[in-house]
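The structure appears right after this line, and notes come after that.
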Amino acid sequence: VALMYSRQAGRLRCSYCGSSAPIPETCVSCSGPRMQLIGEGTERVEEDAKRLFPRAAVIRLDGDTLRRPAQAEALWRKIEHGEWDILVGTQLLLRRVALPRMGLVGIVQADAGLSMPDFRSAERTYHLLLDAISLADSATNGGQVIVQTYLSSHHAIQAVAQNEESIFLREELSYRQALG
């Protein structure tokens, strides 16, 4: 299992068991000395949002911020009471409360679920994207959705981008029939 870098802790952490380790000085594979931390995780997006919009109230909701029950309840309460300008979160954000319509919804790594070794990964990704997009105000009210993806030609992404369910159904049905 790949370890996740936690910016707050400054350590590598296992998302499954919670154990952590310091960041190695050199690469464990090649012994190269130049380790570079990259990624578009929620901590990074939260940092960028705070830097770009210093007066905005930014709330991050992910597995780390919801780990402790008291902290999780406090965050959900802030969200329910609208004590935020910018919400940064994972799909956990879509699970609990009905959120108000938003002027802008941004989806980072929209295609992340497509690499899962499961024949339902495209279907899950498609429905997750629809759920996220449903949070945006209508276009006539100024609502916008920005989707970041490396797989823009994938049928799940295309169906969402073109608001055309038939694209998804046609392609997905052909894949499922081919797999029996």
Inset, instruction - Name the residues whose placed amide hydrogens come within less than 5 Å of the amide hydrogen of residue 61, ignoring near sequence neighbours (fewer than 5 apart) on the same chain. - result: 88, 89, 90
Legend entry - Calculated Rg and Dmax of the chain using C-alpha coordinates, Å: 18.7, 55
Inset, instruction - Compute log10 of I(q)/I(0) for region 28-94 with the Debye formula, placing one identical point scatterer on every Cα and leaving out solvent, at q = 0.25, 0.29 Å⁻¹, to two decimals. - result: -1.13, -1.33
Legend entry - Loop trypsin sites (Lys or Arg not before Pro), region 87-180, which have at most 16 other Cβ atoms in a 10 Å radius of their Cβ (DSSP): 95, 96, 101, 120
Inset, instruction - Determine the equivalent ellipsoid of region 132-180 by diagonalising the alpha-carbon gyration tensor, then write out the semi-axes as square roots of 5 times the eigenvalues, largest first, rounded to whole Å. - result: 27, 12, 8
Inset, instruction - Return the percentage of antiparallel bridges among DSSP beta bridges fully within the chain, rounded to the nearest 5 %. - result: 35 percent
Inset, instruction - Could you work out the longest stretch of the chain that avoids the chymotrypsin sites (Phe, Trp or Tyr not before Pro) located in DSSP loops with at most 14 other Cβ atoms within 10 Å? - result: 17-118
Legend entry - region 165-175 - phi-based ³J(HN,Hα) in whole Hz, Karplus 6.51/-1.76/1.60, Gly and Pro as x: 4, 4, 4, 5, 4, 4, 5, 5, 4, 5, 5
Inset, instruction - Go through region 105-116 residue by residue and turn each phi into a ³J(HN,Hα) via Karplus (6.51, -1.76, 1.60, θ = phi - 60°); whole Hz please, and just put x for glycine and proline. - result: 10, x, 10, 8, 6, 4, 9, 4, x, 6, 8, 6
Inset, instruction - For residue 90, tell me the accessible area in Å² from a 1.4 Å probe, rounded to the nearest 10. - result: 50 Å²
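The values are calculated or read from the model by the stated rules, or taken from the named source; none is laboratory data. Because the structure is predicted, anything quoted here is derived from the model rather than measured. No Cβ is skipped: glycine too gets one built from the backbone with ideal geometry, and neighbour counts run over all protein chains shown. We work out accessible area using only protein heavy atoms, side chains counted, and drop any ligands, DNA or RNA first. Shrake-Rupley method; radii C 1.70, N 1.55, O 1.52, S 1.80 Å.
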